[in-house]
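Colleague: Below you will find the structure I want to go over with you.
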Amino acid sequence: MRLGVLDVGSNTVHLLVVDAHRGAHPTPMHDDKSVLRLAEHVGKDDVLSRAGEKALLAAVQRACDQAEAQGCDELMALVTSAIREAANGLEVLDRVRQRTGVDLTVLSGEDEARLTFLAVRRWFGWSAGRLLVLDIGGGSLELAAGIDEDPDVALSLPLGAGRMSRRFLPRADAGGRPDLAALEALSAHADDLLAPAAEKIAAAGPPDLVAATSKTFRTLARLAGAAPSASGLRVPRELTATGLGQLVGFVSRIESSALAELPGVSAARAHQVPAGAVVAAATLRALDVPSVRICPWALREGVILRRLDSLGGA
């Protein structure tokens, strides 16, 4: 069957279309992503603006048209932190449903962590043993650990790269060089939030494999010397704590406009790289992790795999 997953995140709207059936590897058939930066349309009053709603509506309609053109048997649509934290989020989703017919499901942070964990478990397989998964999104950081396909611990912290960039690094957000004092403040803030989470993760037992996924981690790994995306999904990629520490020093001394010109860095996300690097470094430090393996599968693949599992013998 042909399945489509529409993922409305804090930064992007991403449509993935795959051909798949239960027990088979999902084969990507269409992949489209547009930059929406929805979280930036949520004001200090926690209300998503009319402009943000209009942009969301247009993006969902575009994705819906593409899914229909691709012949999808089913379109699963989900939204994450930007909408679930907006005071008028449910009202907006109701209007989007009325206009497009697309029912966007609001995922909790824990749901995100569990679905991403499932995808990473399937990618690396049972030989990975006890698994720890890290995922830095635009609005939140997800952590999950366990030995099975459903993690024993699944956590979500408000430490997304976009959120932290807006809060601590407005100069980088405007294309300039991040303020060093602000980077230190961000690091201390991340340490405070990560400390209790690290205790819960540690209680699940020491991991045999630590994996990281998301655009943020992939970008950081590329900047630290990992193979480019053109080398293929199955090329092993790793990011070490040492390399990440050096990277934090580098990105803290360069304008985000210059970062955008480096291989592996998208212009739309360059301003978030410093914040993402600091959060990633704080996470590895809090969890006492020397290195992570980069996994190409994440939330969207987890949604697909969960749906295929639900089909049973169909």
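The values are calculated or read from the model by the stated rules, or taken from the named source; none is laboratory data. Just so you know, these numbers come straight off a predicted model, no measurement behind them. Neighbour counts are summed over all protein chains in view; Cβ atoms, including those assigned to glycine, are modelled from backbone coordinates with ideal geometry. Each accessible area value is taken on the protein alone, full model and side chains, heavy atoms only, with ligands, DNA and RNA left out. Shrake-Rupley method; radii C 1.70, N 1.55, O 1.52, S 1.80 Å.
Colleague: Could you tell me which numbered condition Ala221 fails, if it satisfies all but one of (1) free of Cβ contacts under 8 Å to residues at least 40 places away in the same chain; (2) under 27 Å from Trp123 (Cβ atoms); (3) in contact with a helix residue (DSSP H, G or I) (Cβ under 9 Å, 6 or more places away or on another chain); (4) among the aliphatic types (A, V, I, L, M)?
Modeller: The number of the failed condition is (1).
Colleague: Looking at the range 69-83, which of its residues are in a loop (DSSP other than H, G, I, E, B) and surrounded by 15 or more Cβ atoms within 10 Å (Cβ to Cβ)?
Modeller: Selection gives Gln70, Cys72, Thr80.
Colleague: Here is a follow-up. Does the range 277-314 hold any residues that are closer than 22 Å to Val235 by Cβ, crowded, with 21+ Cβ neighbours inside 10 Å and in contact with a Ser or Thr (Cβ under 6 Å, 6 or more places away or on another chain), and which are they?
Modeller: Cys295, Ala298, Leu299, Gly302
Colleague: Filter the range 256-270 down to the residues that are buried (at least 17 other Cβ atoms within 10 Å of the Cβ) and out of contact with any Leu (no Cβ under 8 Å at 6 or more places or on another chain), then identify the one that is nearest to Thr216 (Cα to Cα).
Modeller: Arg269
Colleague: While we're on this one: Could you check the range 22-36 and list, in sequence order, the residues that are in a loop (DSSP other than H, G, I, E, B) and either touching a His at 6+ places or on another chain (Cβ under 7 Å) or open to solvent by 80 Å² or more (accessible area, probe 1.4 Å) (or both)?
Modeller: The answer is Arg22, Gly23, His25.
Colleague: Right, here's the next one. For the range 229-254, enumerate the residues that are open to solvent by less than 50 Å² (accessible area, probe 1.4 Å) and assigned to a helix (DSSP H, G or I).
Modeller: Ala241, Gly243, Leu244, Gly245, Leu247, Val248, Gly249, Val251
Colleague: Let me ask something else. Mind telling me which of the residues Ala39, Ala55, Ala86 ends up being under 25 Å from Gly162 (Cα atoms), part of a loop (DSSP other than H, G, I, E, B), small (Gly, Ala, Ser) and at pLDDT below 95?
Modeller: None of the other options fit; the residue is Ala86.
Colleague: Shifting gears a bit: Yes or no: the range 68-80 includes at least one residue that is of a type in the set (Ser, Thr, Tyr), touching a helix residue (DSSP H, G or I) at 6+ places or on another chain (Cβ under 8 Å) and within 26 Å of Asp45 (Cβ to Cβ).
Modeller: yes
Colleague: Here's another thing I want to ask about it. Based on this model, can you work out whether Gln66 counts as in contact with a strand residue (DSSP E or B) (Cβ under 7 Å, 6 or more places away or on another chain) and open to solvent by 10 Å² or more (accessible area, probe 1.4 Å)?
Modeller: Yes, satisfied.
Colleague: I'd like the full set of residues that are more than 20 Å from the chain's Cα centre (by Cα) and closer than 19 Å to Asp179 by Cα, limited to the range 236-246.
Modeller: Result: Gly245, Gln246.
Colleague: Looking at the range 258-267, is at least one residue assigned to a loop (DSSP other than H, G, I, E, B), touching a Gly at 6+ places or on another chain (Cβ under 8 Å) and touching a residue at least 12 places away in the same chain (Cβ under 8 Å)?
Modeller: Checked against the condition, which is being assigned to a loop (DSSP other than H, G, I, E, B), touching a Gly at 6+ places or on another chain (Cβ under 8 Å) and touching a residue at least 12 places away in the same chain (Cβ under 8 Å), the range 258-267 yields no hits at all.
Colleague: Restricting to the range 16-52, and then to whatever is among the acidic types (Asp, Glu) and out of contact with any strand residue (DSSP E or B) (no Cβ under 8 Å at 6 or more places or on another chain), can you tell me which residue is nearest to Ala77 (Cα to Cα)?
Modeller: It comes out as Glu40.
Colleague: Evaluate the following for Val8: is it within 25 Å of Leu157 (Cα to Cα), open to solvent by less than 40 Å² (accessible area, probe 1.4 Å) and at pLDDT 90 or above?
Modeller: Criteria met by Val8.
Colleague: Just for strands (runs of 3 or more DSSP E) wholly inside the range 102-170: which have at least 1 residues that are closer than 24 Å to Ala39 by Cβ, polar (S, T, N, Q) and open to solvent by 20 Å² or more (accessible area, probe 1.4 Å)?
Modeller: 153-157
Colleague: When you go through Thr80, Thr105, Thr27 one by one, which is the residue that is β-branched (Val, Ile, Thr) and either more than 28 Å from Val210 (Cα to Cα) or more than 23 Å from the chain's Cα centre (by Cα) (or both)?
Modeller: Thr105
Colleague: Here's another thing I want to ask about it. Looking at (1) open to solvent by less than 60 Å² (accessible area, probe 1.4 Å); (2) in a helix (DSSP H, G or I), can you tell me which one Pro178 breaks?
Modeller: Here Pro178 meets the rest and fails (2).
Colleague: Follow-up. Tell me which residues, restricted to the range 188-209, are in a helix (DSSP H, G or I) and open to solvent by 30 Å² or more (accessible area, probe 1.4 Å).
Modeller: Selection gives Ala188, His189, Asp191, Asp192, Leu193, Ala195, Pro196, Glu199, Lys200, Ala202, Ala203.
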